[in-house]
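Participant: Got a structure for you, written out below as structure tokens; questions coming shortly.
The values are calculated or read from the model by the stated rules, or taken from the named source; none is laboratory data. Just so it is clear, the structure is predicted and the values come from calculations on it, not from any experiment. With ideal geometry, Cβ positions are generated from the backbone for all residues, glycine too; neighbour counts draw on all protein chains shown. Quick note on the areas: whole protein, heavy atoms, side chains included, nothing else; ligands and nucleic acids left out. Shrake-Rupley method; radii C 1.70, N 1.55, O 1.52, S 1.80 Å.
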Amino acid sequence: MIYFRLFFEFFKIGLFTFGGGYAMLPLIKEAVLKYNWLDESIFLDFIGVCESTPGPIAVNFATFVGATQKGILGALCATFGVVLPAFIIILLVASILKRIIKNKYVNAFLNGIKPVIISLILISGGLMLLKAIGYKNVRNFNFSIKSSIIL
């Protein structure tokens, strides 16, 4: 059952997120904390690992979470789940590309979703900024001057 859950949760993340890996971070965080796949400190540490390793952040996260839960098969399920929506969408878009580019509703949708993508990226960046200078939660904020200087 956990293999299906890994696939399904990461499939939803891949399907409903536009804007790349940083836009996916809030949804990934929600899923991994909801099912206790990672705790928040490991999640935040792994953001740094994902940034320093090659490949998309969402794929790295899916692979890591799947591997920590059920080994190689779990990693494959989660990774396939996060990649499959993009693969399907690219196939569909490529098949109707000439018609879709000229459609005014598609252009309106893409223009309307840009602010949402920007806000998701800013939320992720703000969270990383707060964590870098000592924020742990609302009641526990230990400002670190050393971390602020390095930042």
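Participant: Of everything in segment 44-53, what is open to solvent by 70 Å² or more (accessible area, probe 1.4 Å) and over 15 Å from T68 (Cα atoms)? Give them in sequence order.
Facilitator: Result: E51, S52.
Participant: Also, I was wondering about something else. Being within 16 Å of A67 (Cα to Cα) and β-branched (V, I, T) is the filter here, so list the residues in segment 1-43 that pass it.
Facilitator: I2, I28, V32, I42, listed by residue number.
Participant: Which pairs do you get when a residue that is under 16 Å from T17 (Cβ atoms) and open to solvent by less than 70 Å² (accessible area, probe 1.4 Å), found in segment 106-117, comes within reach of a residue that is aliphatic (A, V, I, L, M) and assigned to a helix (DSSP H, G or I), reach meaning Cβ atoms under 8 angstrom, with the pair 6+ apart or on two chains?
Facilitator: Filtered contacts from segment 106-117: I117/A23.
Participant: Can you name the number of the only condition in (1) in contact with a helix residue (DSSP H, G or I) (Cβ under 6 Å, 6 or more places away or on another chain); (2) of a type outside the set (K, R); (3) open to solvent by 20 Å² or more (accessible area, probe 1.4 Å); (4) without any contact (Cβ under 8 Å) to a residue 60 or more places away in the chain that F7 fails?
Facilitator: In the conditions (1) in contact with a helix residue (DSSP H, G or I) (Cβ under 6 Å, 6 or more places away or on another chain); (2) of a type outside the set (K, R); (3) open to solvent by 20 Å² or more (accessible area, probe 1.4 Å); (4) without any contact (Cβ under 8 Å) to a residue 60 or more places away in the chain, F7 misses (4) alone.
Participant: Could you list, in sequence order, the residues of segment 74-105 that are open to solvent by 60 Å² or more (accessible area, probe 1.4 Å), part of a helix (DSSP H, G or I), more than 25 Å from L25 (Cβ to Cβ) and of a type in the set (A, V, I, L, M)?
Facilitator: L91, L92, A94, L97, I101
Participant: Restricted to segment 10-21, and to residues that are over 13 Å from Y35 (Cβ atoms) and open to solvent by 50 Å² or more (accessible area, probe 1.4 Å), which residue is modelled with the highest pLDDT?
Facilitator: In this case the residue turns out to be L15.
Participant: Moving to a separate point now. Suppose we filter segment 22-43 for residues that are open to solvent by less than 20 Å² (accessible area, probe 1.4 Å) and part of a helix (DSSP H, G or I); how many remain?
Facilitator: Final tally of qualifying residues: 6.
Participant: Would you confirm whether or not segment 64-81 contains a residue that is modelled with pLDDT of 90 or more, aromatic (F, W, Y) and touching a helix residue (DSSP H, G or I) at 6+ places or on another chain (Cβ under 9 Å)?
Facilitator: yes
Participant: What number of residues in segment 121-151 are within 25 Å of G20 (Cβ to Cβ) and modelled with pLDDT under 70?
Facilitator: Final tally of qualifying residues: 1.
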